[in-house]
Amino acid sequence: MVIAIIAILAALLLPALNMAKQRALGVFCMNNLNQITLGFKMYPDDNSGWFPMNLPMRGGISPAVSWVAGNMDYDFPKQNTNWAFLADRRYAQLAPYVQNPKVYRCPSDQSTQYPHQQGPPRVRSYAMNEAIGGSYFGPNYTESVTGLDVFRPLPPATHWQIHTKEDQMIGGLGPAQIWVLVDAHPDTISVGVFDSVMTSGPYTWIWDDLPAKWHDNSCPFSFADGHVQMHRWLRPNLIPNVTYTDQTHRSNGATIPDPDVPWVSSHTTVAMP
């Protein structure tokens with residue numbers, strides 16, 4: 001009888017303990033993003049107000065031309081476990097401002113060098129909004145170097161705003177509304193850029209890169225004003241579960257309404273003339 005009672009109590013307590021653990025890991029993850037975003041906010045002070053660049057350096061490493069270097073894709077095992085691409089200022093623009101490279105990995109991220117959790121842990125879990133930074137330091141830069149402009153905004157707008165300085169955050173979204181960093185899904189993370197499908201085109205309900213959902217179906221985002229918030233997904237079932245293998249981007253069908261995609265795109269950037 002005593003053993004049966006203990007078993008029942010344990011069964012009741014385990015879900016609560018698991019939820020408490022997930023919340024604690026979520027707080028840990030938010031603290032990581034807070035530290036990286038602080039470095040992101042410090043960078044413009046030494047660089048004439050410019051944000052660090054955010055480039056899709058696929059298959060190659062260029063010296064210090066992006067906020068971080070390295071491709072987390074499972075096809076790049078020599079890069080996805082290399083701490084130097086986060087902590088060495090020769091490769092990463094944020095290296096002087098983020099001293100501890102371990103903050104780039106979410107505590108819930110169990111991804112490794114090779115698929116199916118084989119090999120040592122990968123070093124980075126976070127990606128940056130593709131509308132932040134760019135490949136050209138100039139006042140009229142409007143085209144993303146990644147996939148932001150694959151789907152154009154509806155007329156009369158002609159392009160999406162690329163934010164290379166904080167004072168360029170115009171058109172209805174300020175620094176407190178534009179997200180900078182996200183806890184990325186380990187099956188689609190690759191370079192430091194998080195690709196978004198904007199919602200004014202025909203593919204309103206499709207993810208490109210995927211966000212994480214392992215914090216009790218929630219995901220932390222940091223914003224350009226420095227704050228970090230945990231966003232709870234309304235349709236977490238439309239974000240595929242982690243398989244620790246490469247998954248195809250744009251993973252849920254366009255015919256399935258997904259309110260989470262518009263939420264992300266509405267905080268990514270705005271349409272411009």
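For the reader, a short list of remarks on this structure follows.
- Checking residue 186 against (1) crowded, with 22+ Cβ neighbours inside 10 Å; (2) of a type outside the set (Phe, Trp, Tyr); (3) not in a loop (DSSP other than H, G, I, E, B), the condition it does not meet: (3)
Residue-by-condition table, conditions (1) in a loop (DSSP other than H, G, I, E, B); (2) out of contact with any helix residue (DSSP H, G or I) (no Cβ under 7 Å at 6 or more places or on another chain); (3) closer than 22 Å to residue 180 by Cβ:
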residue: 72; (1), (2), (3): yes, yes, yes
residue: 76; (1), (2), (3): yes, yes, no
residue: 79; (1), (2), (3): yes, no, no
residue: 94; (1), (2), (3): yes, no, yes
residue: 98; (1), (2), (3): yes, no, yes
residue: 103; (1), (2), (3): no, no, yes
residue: 109; (1), (2), (3): yes, yes, yes
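- Annotation: residue 243 fulfils all but one of (1) part of a strand (DSSP E or B); (2) more than 20 Å from residue 257 (Cβ to Cβ); the unmet one is (1).
- Evaluating residue 167 against the criteria (1) farther than 27 Å from residue 262 by Cα; (2) of a type outside the set (S, T, N, Q); (3) outside any loop (DSSP other than H, G, I, E, B); (4) modelled with pLDDT under 90 leaves one unmet condition, (1).
- Hey, residue 52 out of contact with any helix residue (DSSP H, G or I) (no Cβ under 9 Å at 6 or more places or on another chain) and part of a loop (DSSP other than H, G, I, E, B) or not: no
To keep it simple, each residue is scored yes or no on (1) farther than 28 Å from residue 245 by Cβ; (2) at pLDDT below 70; (3) of a type in the set (Ser, Thr, Tyr).
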site: 109; (1), (2), (3): no, no, no
site: 112; (1), (2), (3): no, no, yes
site: 125; (1), (2), (3): no, no, yes
site: 136; (1), (2), (3): yes, yes, yes
site: 146; (1), (2), (3): no, yes, yes
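- Scan of region 193-213 for residues that are touching a strand residue (DSSP E or B) at 6+ places or on another chain (Cβ under 8 Å) and either buried (at least 20 other Cβ atoms within 10 Å of the Cβ) or within 24 Å of residue 67 (Cβ to Cβ) (or both), ordered by number: 193, 194, 196, 198, 209, 210, 211, 212, 213
- Check on residue 3, exposed (fewer than 14 other Cβ atoms within 10 Å of the Cβ) and at pLDDT 65 or above: yes
- Taking first residues from region 245-273 that are of a type in the set (Asp, Glu) and partners that are exposed (fewer than 14 other Cβ atoms within 10 Å of the Cβ) and modelled with pLDDT of 85 or more, the Cβ contacts under 6 Å between residues at least 6 apart in sequence or on separate chains come to 260/234.
- Residue within region 58-74 that is at pLDDT below 85 and in contact with a Gly (Cβ under 9 Å, 6 or more places away or on another chain) present: yes
The values are calculated or read from the model by the stated rules, or taken from the named source; none is laboratory data. A quick note: this is a predicted structure, and the numbers were derived from the prediction, not measured. Heads up, the Cβs are rebuilt from the backbone with ideal geometry, glycines too, and the neighbour counts pull from every protein chain shown.
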